[in-house]
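*Asks:* Here you go, one structure.
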Amino acid sequence: MSSSPLPASFRVAVLDDYQRVARSLAAWDTLGPGVEVEFFHDHVADARALVHRLSPFDAIVAMRERTPFPRAVLAELPRLRLLVTTGARNAAIDVAAARELGVVVSGTGGLPYPTAELTWGLLLALARNIPREDRAVRAGEWQTSLGLGLSGKTLGLLGLGRLGAQVARVALAFGMRVTAYSQNLTPERAAEHGATFLPLDELLSGADVVSIHLVLSERTRGLLGARELDLLKPGALLVNTSRGPIVDERALIEALTSGRLAGAALDVFDTEPLPAEHPLRRLPNTVITPHLGYVTEETYRIFYGDALEDIAAFRAGQPVRVL
């Protein structure tokens, strides 16, 4: 941490508060009269505009990976002293560059279950055509499609960590067979969660539903490309609540458009927010949500409460949750 004195006035920017709830979910006024907290409800994608907005601030609270902080942006924020990301990791922050520039990067706690819950909401919505039938009933129609039952089907999990294991437990309760793959997974570890370990190609070719629960890294980026999507059986479904770039987006759109992939339920995308003219918005065999995996009141109270604690500790010269 830099040893230079803190300014008498300390300005904090809370970013990407889309739902306008950050102010009410933490006791920001407890930071004291010398701290000014400003909440931003829109997303700024342009780096120059972002630097212009954030230049006056000493501390920034970033909501997950909504706003990237590469070296080029951090270098243009000489007043910045503390960058708090909600969650325990953030691939959109160049942590090494921040350290070189004297910026402390800290994180917060979180909850493991909301994304697993959303996974099942998306999977059921896709398998039973719930959004489509909801729209049809409102338009005066009745029973316009056939759903897919899950009992006896195979769920292929890419990733069997905390989230994947929770999804597996629900699948078993539905009477599904569960297979799993990740680069570090062993057959013994998979069996502990009621799953069968399979190599990636074998998992893809045998699964009725594939659900992704991997961390985005250089090893997992583009893990599912055109070749891998072609391995899926006719009628297969894909669910992604992890990170968009794990699936080659162009190949995914082509597979959905051609019908090789029956449907996809997606909470994450290469570019977020999803551009207005993006083809995924128009494909009828998709269920799409705006990265809601972690977006629950319980999670946000932890995020913003811990962020407040980090700011208070930093101001007091005490340790923070450093990434």
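The values are calculated or read from the model by the stated rules, or taken from the named source; none is laboratory data. Since the model is a prediction, treat every value here as computed from it, not as a measurement. For neighbour counting, all protein chains shown are included, and Cβ atoms are generated from backbone atoms with ideal geometry for every residue, glycine included.
*Asks:* Is the range 304-318 home to any residue that is assigned by TED's automatic domain parsing to the domain that holds SER145, modelled with pLDDT of 95 or more and among the acidic types (Asp, Glu)?
*Replies:* Checked the range 304-318: no residue is assigned by TED's automatic domain parsing to the domain that holds SER145, modelled with pLDDT of 95 or more and among the acidic types (Asp, Glu).
*Asks:* If you scan the range 66-80, which residues turn out to be more than 10 Å from ASP94 (Cβ to Cβ) and buried (at least 21 other Cβ atoms within 10 Å of the Cβ)?
*Replies:* If the condition is that a residue be more than 10 Å from ASP94 (Cβ to Cβ) and buried (at least 21 other Cβ atoms within 10 Å of the Cβ), then THR67, LEU77, LEU80 are the ones that fit.
*Asks:* From ASP267, ASP248, grab the single residue that is farther than 22 Å from LEU148 by Cβ, outside the structural domain of ASP16 (by TED's automatic domain parsing), touching a strand residue (DSSP E or B) at 6+ places or on another chain (Cβ under 8 Å) and not aromatic (Phe, Trp, Tyr).
*Replies:* ASP248
*Asks:* Sort through GLY244, GLY175, GLY259, GLY194 and tell me the only one that's without any contact (Cβ under 8 Å) to a residue 40 or more places away in the chain and within 20 Å of the chain's Cα centre (by Cα).
*Replies:* None of the others qualify; the one that does is GLY244.
*Asks:* State the number of residues belonging to the range 215-248 that are in contact with a Ser or Thr (Cβ under 9 Å, 6 or more places away or on another chain) and charged (D, E, K, R).
*Replies:* Of the residues in the range 215-248, 2 are in contact with a Ser or Thr (Cβ under 9 Å, 6 or more places away or on another chain) and charged (D, E, K, R).
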